[in-house]
Amino acid sequence: MADKLSDSKPSKNAHTVTLTDNFTGKTCELPVLKGSEGPMVIDVRRLYAETGHFTYDPGFTSTGSCESAITYIDGDEGILMHRGYSIEDLAAKSSFMEVCYLLLQGELPTKKQRSAFESTITYHTMLHEQMLNLYRGFRRDSHPMAIMVGVVGALSAFYHDSTDISDPRQRMIASHRLIAKMPTIAAMAYKYSIGQPFVYPRNDLNYAENFLYMIFAVPCEEFIVRPAVARAMDRIFILHADHEQNASTSTVRIAGSSGANPFACIAAGIASLWGPAHGGANEAVLQMLHEIGSKDKIPEFLKRAKDRNDPFRLMGFGHRVYKNYDPRAAVLRESCHEVLEDLGVRDDPLLDLAMELERIALEDPYFVEKKLFPNVDFYSGIILKAMGFPTSMFTVLFALARTVGWVAQWQEMIEDPNHRISRPRQLYTGPSKRPFVPMAKRG
Ligand code: SDX
């Protein structure tokens, strides 16, 4: 991992706040820490010792769980940066391999560093041959995310020589193995689900090309990866690479805080990402668009989305942090048109429906007042569908791309000298102590 001093400005005490308990009159002075960007934080580590109170923040809407130098988000301004570089610049001018290096090392690679990194990843893309047997234990109609959770967790049984988390070299080898093998694991999950033979990775293709090749090639004929599709795939990977302390990244950090091996931690992250409120939303967006079916049905579904008694939500809209347009959605919206044009898809009814839905929603007072904008999942599914992926693979692609963010954040957590096992407390509202009731007296 990068030298912490070279790429980050450690937090420092800015000032203090004084907390007064108006019931007891007791006060507690707490330090306020200032980072390099964004809100300052109140350091409450001494709060319980000094006041006997916990903080209370279900869903962590106002809680900073760690110090990090990897990704910065300004939700009000719709800003996303990785190590100080804007997502717009990285999507337009960089590559996913460069972004992987940046997230792991803290700096964009030189030409020599990029070549060495790409070679390392390329030569870790194959799976231990015995792992292929694991796929045959799954039903053919298993959701590929179920296969991903299982196979990634099983990596610790085959790559035990990179599970000593106290060894920086093993941490980086495990990170490289995960980044390199996720496309192979994902492609094999897809091939298994459609009854086609596994396609092995090739060392003459770049990361995105290799993934597309393993997904769409068959042994019976030559498969040529379309450059525009490979570029779109690479850009989609960049846009999903990391996103601060989201639910799945926090899951990886908490799993890692107990000392669990990196493969188990990433399997936990995949499980968390699967939820429709998180990475599963891209699959849910396509299902929603199919359910809406036509533009004249949009008002009916918007009405449902606004009804607190109706569990229906507009999938691909809203975000815990972004109260502005998700910058990734803006890039994907543009890419949609480019990819569809390159694929010769003139008028995609789903894209037309999505754009009309977005137009109406962004004018609707409910969505405007609650600052509900399209997020990264709103357009990604439309591109992926046009590229030939089934909706069941959408979240798999999200997990594939997010693996580099997970391992970078996991490494940063382990290297933090202040890191300790994550163990939140609670506000207990259950029964107070009561005597045991023998069966005869239980009515
Ligand atoms: C990702 O955290 C990350 O960074 C995640 C991610 C990443 O890269 O890791 O960006 C990836 O997960 C993107 C989000 C994908 N999920 C969806 O698109 C699912 C639909 N969106 C919602 O479920 C919701 O917006 C969340 C889960 C994304 C955010 O939920 P919050 O922050 O808990 O917000 P909330 O549920 O409290 O909503 C605030 C209000 C509520 O109304 P009130 O109770 O105040 O009356 O807005 C409403 C919600 O009912 N609301 C929606 C809505 N999203 C929020 N109403 C209709 N449709 C929606 N999509």
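The values are calculated or read from the model by the stated rules, or taken from the named source; none is laboratory data. This structure is a prediction, so every number in the text was calculated from the model and none was measured. Here Cβ is always computed from backbone atoms with ideal geometry, including for glycine, and neighbour counts include all displayed protein chains. We work out accessible area using only protein heavy atoms, side chains counted, and drop any ligands, DNA or RNA first. Shrake-Rupley method; radii C 1.70, N 1.55, O 1.52, S 1.80 Å.
The table below gives the values:
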| read-out | value |
| --- | --- |
| Unique match (being assigned to a loop (DSSP other than H, G, I, E, B) and in contact with a strand residue (DSSP E or B) (Cβ under 9 Å, 6 or more places away or on another chain)) among Glu77, Glu67 | Glu67 |
| Some residue of segment 399-416 being more than 16 Å from the chain's Cα centre (by Cα) and in a loop (DSSP other than H, G, I, E, B) | yes |
| Pairs, first over 14 Å from Lys385 (Cα atoms) and in contact (Cβ under 8 Å) with a residue 12 or more places away in the chain in segment 346-357, second among the aromatic types (Phe, Trp, Tyr) and in a helix (DSSP H, G or I), C-beta under 7 Å, six or more apart | none |
| So Ile87, is it within 22 Å of Asp416 (Cα to Cα) and in contact with a helix residue (DSSP H, G or I) (Cβ under 9 Å, 6 or more places away or on another chain) | no |
| Meets criteria (open to solvent by less than 30 Å² (accessible area, probe 1.4 Å), over 19 Å from Phe60 (Cβ atoms) and either assigned to a loop (DSSP other than H, G, I, E, B) or near the ligand (Cβ under 10 Å from one of its atoms) (or both)) for Ala267 | no |
| Any hit, segment 215-230, residues being within 16 Å of the ligand (Cβ to nearest atom) and without any contact (Cβ under 8 Å) to a residue 60 or more places away in the chain | no |
| Pair list, Cβ < 9 Å and 6+ apart or interchain, from segment 95-117 residues that are within 17 Å of Trp410 (Cα to Cα) to residues that are among the charged types (D, E, K, R) and open to solvent by less than 20 Å² (accessible area, probe 1.4 Å) | Val99/Asp242; Leu103/Asp242 |
| Some residue of segment 3-19 being open to solvent by 80 Å² or more (accessible area, probe 1.4 Å), at pLDDT 95 or above and farther than 27 Å from Pro327 by Cα | yes |
| Output for segment 383-415, where each listed residue is out of contact with any Ser or Thr (no Cβ under 9 Å at 6 or more places or on another chain) and closer than 30 Å to Ala49 by Cβ | Glu415 |
| Residues located in segment 58-78, provided they are of a type in the set (A, V, I, L, M, F, W, C), more than 13 Å from the ligand (Cβ to nearest atom) and open to solvent by 30 Å² or more (accessible area, probe 1.4 Å) | Cys66 |
| Single condition Ala267 does not satisfy, out of (1) farther than 18 Å from Trp406 by Cα; (2) of a type in the set (Gly, Ala, Ser); (3) modelled with pLDDT of 95 or more | (1) |
| Flag for Ile147 being open to solvent by less than 20 Å² (accessible area, probe 1.4 Å) and under 20 Å from Ile185 (Cβ atoms) | yes |
| Enumeration of residues in segment 375-416 that are open to solvent by less than 10 Å² (accessible area, probe 1.4 Å), among the aliphatic types (A, V, I, L, M), farther than 27 Å from Asp76 by Cβ and modelled with pLDDT of 95 or more | Met393, Val396, Leu397, Ala399, Leu400, Val407 |
| Every residue from segment 132-146 that is assigned to a helix (DSSP H, G or I) and either in contact with a Ser or Thr (Cβ under 8 Å, 6 or more places away or on another chain) or more than 23 Å from Leu273 (Cα to Cα) (or both) | Leu132, Asn133, Pro144, Met145 |
| Filter result for the condition that a residue is at pLDDT 95 or above, more than 16 Å from the ligand (Cβ to nearest atom) and either buried (at least 17 other Cβ atoms within 10 Å of the Cβ) or among the basic types (Lys, Arg) (or both), over Asp242, Asp234, Asp296 | Asp234 |
| Any chance Arg333 is under 27 Å from the mean Cα position of the chain (by Cα) and more than 11 Å from the ligand (Cβ to nearest atom) | yes |
| Tabulated pairs, segment 312-332, first within 17 Å of Ser86 (Cα to Cα), second within 6 Å of the ligand (Cβ to nearest atom), C-beta under 7 angstrom, 6+ apart or interchain | Tyr322/Asn375; Asp326/His319; Asp326/Asn375; Asp326/Val376; Arg328/Val376; Ala329/Asn375; Ala329/Val376; Leu332/Val376 |
| Count - residues of segment 305-330 that are more than 8 Å from the ligand (Cβ to nearest atom) and closer than 24 Å to Ser62 by Cα | 4 |
| Flag for Thr125 being of a type in the set (S, T, N, Q) and within 22 Å of the chain's Cα centre (by Cα) | yes |
